[in-house]
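Chemist: Can you keep this structure in mind? I'll have questions shortly.
The values are calculated or read from the model by the stated rules, or taken from the named source; none is laboratory data. Owing to the predicted nature of the structure, the values given are computational and were not obtained by experimental measurement. In this analysis, Cβ positions are derived from the backbone assuming ideal geometry, glycine residues included, and neighbour counts consider all displayed protein chains. Quick note on the areas: whole protein, heavy atoms, side chains included, nothing else; ligands and nucleic acids left out. Shrake-Rupley method; radii C 1.70, N 1.55, O 1.52, S 1.80 Å.
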Amino acid sequence: MSEVETARLLLRRWQEDDLGRLVALYSDQRVARFLSVDGRPWPPERSVGAFEHFRGQWLEHHFGPWAAIDKHTGRWLGRSG
């Protein structure tokens, strides 16, 4: 199962164009305070590593974190899982 749908969300595998969005998310100071012990935004290379890890989990295990999409707008919301 590579996608899950709810009434409002589409959870799907990662695509190449998600990388820039993930880098922006993890570099946001408001988000960073919940991601790291020191509350600092992630440098881009760390976000790239996370992205590659997510995709690798899907390739190797056929499951992993999802990219979350608003079904009604098609807007990328973040990650889940």
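Chemist: Taking a ≥ b ≥ c as the square roots of the eigenvalues of the Cα gyration tensor of the range 1-44, is the shape rounded (a/c under 1.5), prolate (a/b larger than b/c) or oblate?
Modeler: Because a/c hits 1.5 or more and a/b exceeds b/c, the range 1-44 counts as prolate.
Chemist: Moving to a separate point now. How high is the relative contact order of the chain, in percent, counting Cα pairs under 8 Å that sit 6 or more residues apart?
Modeler: After rounding, I find 35 percent.
Chemist: Let a ≥ b ≥ c be the square roots of the eigenvalues of the Cα gyration tensor of the chain; is it rounded (a/c under 1.5), or, if not, prolate (a/b larger than b/c) or oblate?
Modeler: Oblate.
Chemist: What is the calculated FRET efficiency for HIS62 to GLN29, with r their C-beta to C-beta distance and R₀ = 41 Å, to the nearest 0.05?
Modeler: Efficiency, from the Cβ-Cβ distance: 0.75.
Chemist: Moving on. Assigning unit charges at the beta carbon (Lys, Arg +1; Asp, Glu -1) and nothing else, what dipole magnitude in debye, to the nearest 20, does the chain show about its Cα centre?
Modeler: Taking the Cα centre of the chain as origin, the dipole is about 300 debye.
Chemist: Using Cα atoms only, what is the angle between the long axis of helix 44-61 and the major principal axis of the chain, expressed in degrees (0 to 90) to the nearest 10?
Modeler: For 44-61 against the chain, the angle is about 30 degrees.
Chemist: Could you order ARG33, ARG46 by accessible surface area, starting with the largest, using a probe radius of 1.4 Å?
Modeler: ARG33, ARG46
Chemist: Still on this structure, please answer the following. Note down the accessible area of GLU45, probe 1.4 Å, to the nearest 10 Å².
Modeler: 130 Å²
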